[in-house]
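Engineer: First, the structure itself, so that you have it in front of you.
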Amino acid sequence: MLDFTVASVRIGAVAKNKEDAIRQVSQILVEKGNIDSGYTASMMEREKLANTYLGHGIAIPHGLPADRGLICKTGIAVVQFPAGVEWQPSETVRLVVGIAAKSDEHLELLAKLTELLSQEELVETLSGTTDANQIVAALLASDSAAEAGASQLEALSATTIGINAKIGAAHGLHARPATLFATKARSFQCSIQVQAGSKRVDGKIMASLLQLGAEHGVVVRILADGPDAAQALEALKMQMEAEEVEEKRQVVKKISWKPLHPVSKVVGVGISPGLAMARIHLLHARKAVLAAPTNYPEREKQQLRAALAAAQEDLKALYEQVRTRNSEQAAQIFLAQAELLQDDALLARAEKCIDITPSASYAWNSEIEKLASSVEVSGNEITAARATDIRDIGARVLRHLLQEGKPQAEEIDSDEPILLVARELTPSQAAAFDPAKIVGFCTVEGSATSHVAILARSLNIPAITGIGDGLEDMQEGEFAILDAAQGVLYLDPAQEDINSARVAQQGLEEVHALQFEARFQPALTTDGVRVEVCANIGRAAEAAQALEAGGEGVGLLRTEFLFLERDQPPSEQEQYEAYREMLTALDGLPLILRTLDIGGDKKIPYIDLPHEDNPFLGVRGIRLCMRHQELFRTQLRAAYRASVHGNLKLMFPMIAAPAELIAAKKIAEEVRRSLGVAPVEIGTMIEVPAAVVMAEELAQEADFFSVGTNDLTQYVLAMDRGNATLAKEAQSTHPAVLRMIAKTVEAATKHGKWVGVCGGLADDPIGAAILIGLGVKELSMAIPSIPAVKAAIRTISRAEAKTLAVQALACSDVESVRALYAAAERSKSE
């Protein structure tokens, strides 16, 4: 018996979108004790897999079968939206019927709703009534109503024509083939009915077709009346008789390798996965010898300008080379570098320095170092990593000034493949790597978010960073095996281990090819739970690249690229055009736009901020935006204007307290109202411990959470991820970080909100598995990682992931967490 009374009905509600409508109806079910709050997320997930629009302005959102354990007792709730809610393009819903059914009790309700759909006048009345009793009475009506509805279907027009069709679906006319048939039927103008025995139903309504209960091989009669009836019958007969093709998910096997013999090793952090072996080449940094001052400042200025022009030409050529050989995403690195060389303010400062000390090389190096140093303390890991790029640009200009040769990496002369080891590498050096010659590299300094890491991944060169004192243990020419996925370099391995590593390496190449081939398949766990896999991007052109890699949207748009390395802030129009370009490329897939997140220092000329000793704990993210509202409002205006071109969501960074989120939302709403556009979902980053502690309160204000594990790890562990000495300890798989994420998911689920992760943990196979187990619904990562992560998800079940997550939360250190995952993988392969 269904639990349905007047208390389960809400009249005259308003929803800003479909997701909001589902939350409202699920909240009634929570309050009535029908469902656990976590079932709301399951209802949202169901919408990604199937359209719950029933027809004639009625929708029936319900959760996934796998989550029936979250249903406490069977029941329904109804929310009436007189003004309507867009469910799908051209489908407006005014009655939302939320269903919680532990087994098949809801079929009775579907029958009632089907009967209701045949009475359009009654549906119209219920969609506008102010009396909840009318809705209850209609859904609990006696079978006399059904008989009345059926009698209306019995009379056929003289112009009605029909055709017989045999049901081809192996399991009969169940939800999926019924949905396909109804969708196809709605594409025709004529009326469509389907008759099986004595039952005849509206063929354009999926729920009606389900009531036929028609099994495989049963012959049904398809009836059509209207201008395109003949064409419709031909197409619908083919649809009805089509065999149901079950999509075969390609599950890519996993390849793992470990040495069997004792061996010395150097441990770092993987930044580009893969297995490589070769002799070590130690690359020692070459320090430029700056020219002494002269008595000719104007000549020095001319030489500087000539060197800048030559560097510009270098970068244009490098862009084309990398775009052709690697990818557009990797090539964009050098377009950004070229933009910095056009910075008139930087040139003016260098020329002013030449007036004091007439040496172009000295002046240029001095100004570049000042700029790089200021960026290093920006308070943002991604921005801080750009210091290497700035020094790379500076070195390129210096080489022209001092008439030196090519970057060191281009000068490496070896007849056989090598593993390159260096304290630090620059993007220019990495771009020059020939993967046939430099098969892998290890550095002391660097990060997974650096441009060097992006280039390594685009070239499929295995790489690790953060090797610290391990550099001292290596000898020039020593043979080594690099397992970048595990972040380990094995020194002087046994021949048997070298042979087994070569076999594993060949297997990995095959796996990567299969992963890329399957990149457009959904990331479904073995028990059918779908995980949304999106991309983190920082350039407009990367939106299309994300889709080509198999991404299902953009989980993090870093908008800082529009604001950095310039003297004036970007205009509203410039921002609007960039956001529109990305939304157009995504063609309806989500774009989560993070508002400006830069550190509180003086590196941006148009933002006047006092010096801070610790910008990581200073004015950054939402704090900066609230203090510079002219920048914030301009960005919001551009975003809202662009939102009409696609599925845009806003996300605020560095939120630590509900008051900050409320204040930011208030400004956003003022901007939205001034433009007269529709609302968008607004979420918040969870990247500081305070946000985790206040997650329940934040969940009442935010539409979703996105956990930034890079910053969260730094703040929870009090470790700088960019510090080479601490890189191995500052891992997002640390149990303390995982427990923070678990608390965040728990709070969000309680309030029917979903959680995504857009930090480095999302593209770590271990991290992805644990996150799925914790209940994270979306993983967003670097574009090159998408195929591999989607493939990894297809090899685990949600149940296995939950078990792994529970065990990981009970661990005491990173090593124990990784050992758990390794043990789970071994048990699967045995």
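Engineer: For the chain, report the translational diffusion coefficient in µm²/s to the nearest whole number, using Stokes-Einstein at 4 °C, 1.567 mPa s, and a Kirkwood Rh over Cα pairs.
Structural biologist: 44
Engineer: Here's something else I'd like to know. Taking only C-alpha pairs under 8 Å that are 6+ residues apart, what is the relative contact order of the chain in percent?
Structural biologist: Once normalised by length, the contact order is 11 percent.
Engineer: Sticking with this structure for a sec: Determine ³J(HN,Hα), in whole Hz, for all residues of region 460-477 in sequence, where each value follows from phi through the Karplus function 6.51 cos²θ - 1.76 cosθ + 1.60 and θ = phi - 60°; x replaces Gly and Pro.
Structural biologist: 6, 9, x, 8, 9, 9, x, 7, x, 6, x, 4, 6, 8, 9, 10, 4, x
Engineer: Taking the solvent-accessible surface of protein heavy atoms with a 1.4 Å probe, what is the per residue accessible area of the chain in Å²?
Structural biologist: Working: 34470 Å² over 830 residues.
Dividing the accessible area of the chain by its residue count gives 42 Å².
Engineer: Quick query: amide H of K649 versus all other amide H atoms, modeled in the peptide plane; which residues come in under 5 Å with a sequence gap of 5 or more or a different chain?
Structural biologist: Here L591, I592, L593 satisfy the definition.
Engineer: Need the full-extension length gain, D608 to E120, defined as separation in residues times 0.36 nm minus the C-alpha distance. One decimal, nm.
Structural biologist: 169.4 nm
Engineer: Per residue of region 786-794, in order, report the coupling 6.51 cos²θ - 1.76 cosθ + 1.60 (Karplus, θ = phi - 60°) as ³J(HN,Hα) in whole Hz, putting x for Gly and Pro.
Structural biologist: Along region 786-794, the couplings run 4, x, 5, 5, 4, 5, 5, 4, 6 Hz.
Engineer: Taking amide hydrogens as modeled 1.01 Å from N in the peptide plane, which residues meet the under 5 Å criterion relative to L54, leaving out close sequence neighbours?
Structural biologist: For L54, whose amide H was placed from the backbone, the distant partners under 5 Å are A59, I60.
Engineer: Around K301, under 15 Å between beta carbons, what's the net of Lys plus Arg minus Asp minus Glu among the other residues?
Structural biologist: With Lys, Arg at +1 and Asp, Glu at -1, the net is -2.
Engineer: Once label points are set 7 Å from the Cα along Cα→Cβ at both R623 and Q342, what is their separation, rounded to one decimal in nm?
Structural biologist: About 3.4 nm, to one decimal.
Engineer: Would you mind working out the magnitude of the charge dipole of the chain relative to its Cα centre, with +1 at each Lys and Arg C-beta and -1 at each Asp and Glu C-beta, to the nearest 20 Debye?
Structural biologist: 840
Engineer: What residue among S797, L675, S191 has its Cα farthest toward the positive end of the dipole of the chain, where the charges are +1 on Lys, Arg and -1 on Asp, Glu, each on the Cβ?
Structural biologist: S191
Engineer: Using only helices, what value at 222 nm comes out for the chain when you add -39,500 (n - 2.57) per DSSP H run of length 4 or more and divide by the total residues, to the nearest 500 deg cm²/dmol?
Structural biologist: Values: 32 runs with 370 residues, N = 830.
Using -39500 (n - 2.57) per qualifying helix, the result is -13500 deg cm²/dmol.
Engineer: Using a 1.4 Å probe on the protein chains only, how many percent of the accessible area of the chain belongs to carbon and sulfur?
Structural biologist: 52
The values are calculated or read from the model by the stated rules, or taken from the named source; none is laboratory data. Everything numeric in this text was worked out from a predicted model, so none of it was measured. We place every Cβ from the backbone using ideal geometry, glycine too, and count neighbours over all the protein chains shown. We work out accessible area using only protein heavy atoms, side chains counted, and drop any ligands, DNA or RNA first. Shrake-Rupley method; radii C 1.70, N 1.55, O 1.52, S 1.80 Å.
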